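Visitor: This is the structure, below, for whatever I ask next.
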Amino acid sequence: MPREISHMIRELMRKEFGEMGENILNKQCRKMGVMPNEICVDDLEELSESVFNSVRYFMGTDRAKKVKEGIRRYILLQELWDLDGLEKNDIRTIKECKLRLELGRTTLENLGDMEEALEYYTRAADIARGLGRNDLYAEALKGICFTCLGLGDLTESIDAGKNGMEISKKERLQEIYAECKRGIGICHWRKGDFNRALSHLDKVKDIYEEMEDKLNIAKIYRNLGDIHGEFKKYDVSLEYYKKSADIFGDRGNALERAVLLMNMGVVYTIKDEWEKAVEYYKKSEKISREGKLPNALAWNLFNLGQAYTDLKKFNDAEKALDESLELFETQQDRLGESGVQIRYGLLWIERGDIERGAQYLKDGIEVLRELDMLKYLADYTHELAKAEIELGEYESAEEHLNEALEIYERIDIQENVEAVKKDLNELTKYLK
């Protein structure tokens, strides 16, 4: 095995567990009768299993799985590099395509490296299209759909999902079709088009139930819990979350369990049961920290900041939001960063510093406008207008109320349309 791979594995163990990680690696290598820098490619599978079992004993299954998948990435990379010495033909090219698909899956689902995953999936799509292998092309498009979704590029995600649906329907690849449709549904949810999101996700639910695909049924139940929460059907939302939790049980990975608990906390926040919400956020936080899940932890702390704000625990709220923002900045998650700016704004308004709060809201809103997150753009533009009325900035408030009204009318949320019209009517008494 090249020394570069040996170095990468040692760095992986050091990054995850510090000096103890190196000690674990050295111990497992001694058990195999080899030196850490003399492991050949054929030894990597055995090393992966050996390290997994050792880490699982001390650190738990989820962290052990992450390390195992990290080593697996290097196994796949070695196989990919070995292709360079082979004659170029269809067999070699198909193998390259499959390796890139597997690297994309591993880096996206298990390691959370979305930029790297997108590179693998995009190259695999180009190769598959050139070979005329629609099955591999559809798989790559599904990967692009979910990777772009994770990166916040909803337009690219929807385009890839639509292409993936078209090809998988033609090739009768039912599971890929359903997953692409699920990705599109989640994109519409993120964009604030909840009716369209629900239409997609309900159909995906029917497909998975017909297939009796338990794990994907659990995932779609979680998505439906999110959507029904947006429609303020909170009891229905909790019912879906609980059904999802029943299926996941201990089988779901740490990320799935952390997100599910966090979403249940969100529902209790909306229902103004803040102490209950904090209870679920704390459970999710524990799983996220133990599993080293930075994105889940960031969103969990973001929501925890809101719950603490509602409980008037402002110092706790600020502490949670500070850590959340730091995590989002590290991951270059612009949607998360904008969300924290908005939460800061609402926090300072609650504290009575309306001018400072309004500035935070403006900063967050600009990013939402760039990302085309219409529902949330309208919600927080409306909140900004209310703050501006308090500050006596009536013309700016009118401008922002009209912007919120136009968006709500466009996405057809009638209840919010009426609320903005009421505020506009109230505002007329202050305008010359």
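Visitor: With the Cα gyration tensor of the range 105-211 in hand, convert its eigenvalues to equivalent ellipsoid semi-axes via √(5λ) and list them largest first in whole Å.
Guide: The answer is 21, 17, 12 Å, longest axis first.
Visitor: Two decimals is fine: what's Rg over Rh for the range 312-421, C-alpha atoms, Kirkwood radius as Rh?
Guide: Radius of gyration relative to Kirkwood radius: 0.99.
Visitor: Here is a further query. For the range 60-150, treating each Cα as an identical point scatterer without solvent, what Debye log10 I(q)/I(0) comes out at q = 0.11, 0.24 1/Å?
Guide: Scattering profile of the range 60-150, log10 relative to I(0): -0.31, -1.16.
Visitor: Compute the Kirkwood hydrodynamic radius of the chain, taking the inverse of the mean of 1/r over all pairs of distinct Cα atoms, and give it in Å to one decimal.
Guide: 23.8 Å
Visitor: I would also like to ask the following. Arranged by the count of other C-beta atoms within 10 angstrom, fewest first, what order do Arg133, Arg343, Arg92 take?
Guide: Fewest-to-most Cβ neighbours within 10 Å comes out as Arg92, Arg133, Arg343.
Visitor: Oh, and also: Classify the range 213-326 as rounded, prolate or oblate from the Cα gyration tensor: take a ≥ b ≥ c as the square roots of its eigenvalues, call it rounded if a/c is under 1.5, otherwise prolate when a/b beats b/c and oblate if not. Intermediate values should be presented prior to the final figure.
Guide: Details: a/c = 2.40, a/b = 1.35, b/c = 1.77.
The shape class here is oblate.
Visitor: For Tyr121, Tyr394, what's the fewest-to-most ordering of other Cβ within 10 Å of each Cβ? All intermediate terms of the calculation are to be shown ahead of the outcome.
Guide: Working: Tyr121 28, Tyr394 17.
Placing the least packed residue first, the sequence is Tyr394, Tyr121.
Visitor: Let me ask something else. Between the range 71-143 and the range 181-208, how many Å separate their Cα centres?
Guide: Using only Cα atoms to place each centre, the spacing works out to 28 Å.
Rule-based calculations on the coordinates, nothing more; no lab input. Keep in mind it's a predicted model, so treat the numbers as computed, not measured. Here Cβ is always computed from backbone atoms with ideal geometry, including for glycine, and neighbour counts include all displayed protein chains.
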